[in-house]
Amino acid sequence: MAGPTAAERGERQDRQDSDSGPPRPPRFKRLPALKRLPAPRTLVILLVCVVMLGAGGSWVLYGSQWLRVERVSASGTRVLTAEQVREAADVPVGAPLISVDTDVIEARLRRKLPRIDSVDVVRSWPHEIGLKVTERTPVLIVEKGGKFTEVDAGGVRYATVSQAPKGVPALELAVGESSGSLGLRRFGTGRLVRAAVRVAGSLPAVVARDTQVVKVRSYDSISLELSGNRTVAWGSGEKGRAKARTLAALMKAAPEARHFDVSVPTAPASSGS
């Protein structure tokens, strides 16, 4: 069968062109309307207002009498008095509160009063500086010449007093140059003191309140002297928790014993009655 003639193809193309209708105009995306910038006069007024607000704020903070230091308070003291803390702090009363350098005051307090472990200097608007003090707590004392030097949990010797604080054991350094490699020459006094402090901090409460002396002969030879003429061979400052548990159990099992050895916590011993 013969295909369509050229005339028939032309008619078909004409019909398709007529059905498609007139050509559509191209679409254009609408651009957003441009925002108007403020007038130069408005910008100048805004700038003047900002400058005036900044100058006014600076004057209120630094130049006015409204936000100046009028009071200095101290809290958290135990042995020290609030007056001692305020005097050592030397806060500039009358100065603008914003200008007080709290870091300088903290450093000054720690330097002048070594008993202070930490201090927080805070601004209490509108007129007060607060000094929140935490004092060191003695865990051992060192007696010399009728005076007692307090030692805290970090091994810091921070204060000398004329009367020993109650319930704080004495530290006795029985270390000589003949103590060998584990003695004073190898470890130094500071490390031996810290070892004794670690032992004192490991003691169970029932033992700590009866401990009168912590004696250090060498780094691995530390002993305790308790009330009732009792002694404890502790060994080194290592494995303190295990030794504390072992000692508490040993003293409970042998209440009449006078000598305890927990230097090797897995093989404790007791003797005497």
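Only the coordinates and a few stated rules stand behind these numbers; no lab work does. Every value quoted in this text rests on a predicted model; they were computed, and no experiment measured them. Every residue, glycine among them, receives a Cβ derived from its backbone with ideal geometry; neighbour counts consider all protein chains shown.
State which entries of K112/K243; K132/K166; K112/K166; K147/K243; K112/K147; K112/K144 exceed 28 angstrom in Cα-Cα distance in the structure shown. K112/K243; K147/K243, as the Cα separations exceed 28 Å there. 3J(HN,Hα) along the stretch 101-109, derived from phi through the Karplus expression 6.51 cos²θ - 1.76 cosθ + 1.60 where θ = phi - 60°, amounts to 8, 5, 5, 5, 5, 4, 5, 5, 5 Hz, with x in place of Gly and Pro. Given R₀ = 25 Å, what would the calculated FRET efficiency be for N229 paired with A153, taking r from the Cβ atoms and rounding to 0.05? Efficiency computed from Cβ-Cβ geometry: 0.35. Residues whose amide H comes within less than 5 Å of that of G235, counting only those at least five positions distant or on another chain, are I222 (H built at 1.01 Å from N in the peptide plane).
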